[in-house]
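Asker: Input: one structure, supplied below.
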Amino acid sequence: MNNAKTIKSNFETTFTNCVFFFESSAEENKAKALKDGETILAFSLSETKKKIDFYLSLPEGIICEHYKEGVKTSAIVSLKNDHLTYHGNSINKKHKQQKGEIHIKKGKNRVLKDKANLLEAPTATSSDISFYPLPLCRVELSDSLITLDDKNITNYFSLDFKDGFFNTLDIFLSQKGFMKNILTKPYIFPEALLAYFSFVSLEGFFDNNTVIRRRGTYPQILVLQSKNFEVIVFCMREFNNQNYEKNKLKYAYSYDYIKEHFQRDVIEAEHSFFFGKYRNKNLKGH
């Protein structure tokens, strides 16, 4: 359940009937996630001519883990008013690269501040955000959650469904129009890219950069839009992650995470693709 909008398309895709848009042409837009009618997460997307800011407000007790190359480099537990932030450059018609820093912010302090040249480098980059969305984070929710103070936010979506709730959220940043193009003009994308975005879970991002198939309850996908950007939230309950013992947020250093998948062995089969689980190490990064 949500108060977002759907769009019509002449094409049938994997995402038909499960994508909902919080449309906006303003420089700021917000939404909140509900469970049992209570706010548990809050999203904010804002931009200026020079920069973009994304905030994910967290309840207390979320274990926030940072990764690089699939290996955990740090972990902290969130307190009241802590949040994940992504601060990046804006984009223009000539340059589609999206680059910024991603942090957990505790009060006025940024976790891993000034670590950009060290192992735990909190940078996140996509060389072409119009084609390759930037992974921001993954949220894994247990049955035990502390709620946020009520947020005065109009846009909302509920994680509850008939037999449970969506306990996994994969969150991406893209140029505005990416999800609409997938729904209405899927032919402009390589089929392997569509297959990846449809069926590969972000879980592998945090497990030695492997490819893990997204299997589970058909997702609810929310798209929070601003003037030039959109945040894409996949809400799922994966078959191999039916229950989590702890509440976690996972975020990572990344450079062309999605584009990099096509450096793996990709085998075409009738109506499908097989991606190599691990990267082909004799190929250079972009």
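The values are calculated or read from the model by the stated rules, or taken from the named source; none is laboratory data. Keep in mind it's a predicted model, so treat the numbers as computed, not measured. Virtual Cβ from ideal backbone geometry, glycine too; neighbours counted across all protein chains shown. Heads up: the accessible areas ignore ligands, DNA and RNA and are worked out on the full protein's heavy atoms, side chains in. Shrake-Rupley method; radii C 1.70, N 1.55, O 1.52, S 1.80 Å.
Asker: Within region 166-223, how many residues turn out to be part of a strand (DSSP E or B) and open to solvent by less than 20 Å² (accessible area, probe 1.4 Å)? Lay out the reasoning, then the answer.
Answerer: Step one: list which residues in region 166-223 are part of a strand (DSSP E or B), which gives 168-175, 200-201, 212-213, 216-223.
Checking the rest, the ones that are also open to solvent by less than 20 Å² (accessible area, probe 1.4 Å) come to 168-174, 200-201, 220-223.
Residues meeting the conditions: 13.
Asker: Kindly provide the set of residues from region 162-176 that are touching a residue at least 60 places away in the same chain (Cβ under 8 Å) and within 21 Å of the chain's Cα centre (by Cα), ordered by number.
Answerer: Within region 162-176, the first condition is being touching a residue at least 60 places away in the same chain (Cβ under 8 Å), and the residues that meet it are 164-173, 175.
Selection gives 165, 166, 167, 168, 169, 170, 171, 172, 173, 175.
Asker: Condition first: open to solvent by less than 10 Å² (accessible area, probe 1.4 Å) and in contact with a Phe, Trp or Tyr (Cβ under 6 Å, 6 or more places away or on another chain). Now tell me which residues in region 143-165 satisfy that.
Answerer: 159 - this is the single residue of region 143-165 that is open to solvent by less than 10 Å² (accessible area, probe 1.4 Å) and in contact with a Phe, Trp or Tyr (Cβ under 6 Å, 6 or more places away or on another chain).
Asker: Against the definition (assigned to a helix (DSSP H, G or I) and β-branched (Val, Ile, Thr)), how does residue 258 come out, yes or no? Give the steps one after another, and end with the answer.
Answerer: On the way: assigned to a helix (DSSP H, G or I): yes; β-branched (Val, Ile, Thr): yes.
So residue 258 passes the test.
Asker: Among 84, 79, 58, 41, which is the only one that is within 27 Å of residue 156 (Cα to Cα), over 19 Å from the mean Cα position of the chain (by Cα) and not small (Gly, Ala, Ser)?
Answerer: Values: 84 fails: over 19 Å from the mean Cα position of the chain (by Cα); 58 fails: over 19 Å from the mean Cα position of the chain (by Cα); 41 fails: over 19 Å from the mean Cα position of the chain (by Cα).
Matching residue, one of 84, 79, 58, 41: 79.
Asker: Pairs please, first residue from region 129-152 and closer than 23 Å to residue 204 by Cα and in a loop (DSSP other than H, G, I, E, B), second anywhere and open to solvent by 70 Å² or more (accessible area, probe 1.4 Å) and at pLDDT below 85, Cβ atoms under 8 Å, 6+ apart in sequence or on different chains.
Answerer: 129/97
Asker: So residue 94 clears everything in (1) over 18 Å from residue 248 (Cβ atoms); (2) open to solvent by 40 Å² or more (accessible area, probe 1.4 Å); (3) modelled with pLDDT of 60 or more except one condition, right? Which one?
Answerer: All conditions are met except number (3).
Asker: Taking the residues in region 17-49 that are of a type in the set (Ser, Thr, Tyr) and either within 15 Å of residue 232 (Cα to Cα) or without any contact (Cβ under 8 Å) to a residue 24 or more places away in the chain (or both) as candidates, determine which candidate is surrounded by the most Cβ atoms within 10 Å (Cβ to Cβ). Show your work before the answer.
Answerer: Going through region 17-49, the residues of a type in the set (Ser, Thr, Tyr) turn out to be 24-25, 39, 44, 46, 48.
Now narrow it down to the ones that are either within 15 Å of residue 232 (Cα to Cα) or without any contact (Cβ under 8 Å) to a residue 24 or more places away in the chain (or both): 24, 44, 46.
Values: 24: 17, 44: 21, 46: 17.
Looking at residues that are of a type in the set (Ser, Thr, Tyr) and either within 15 Å of residue 232 (Cα to Cα) or without any contact (Cβ under 8 Å) to a residue 24 or more places away in the chain (or both), I get 44.
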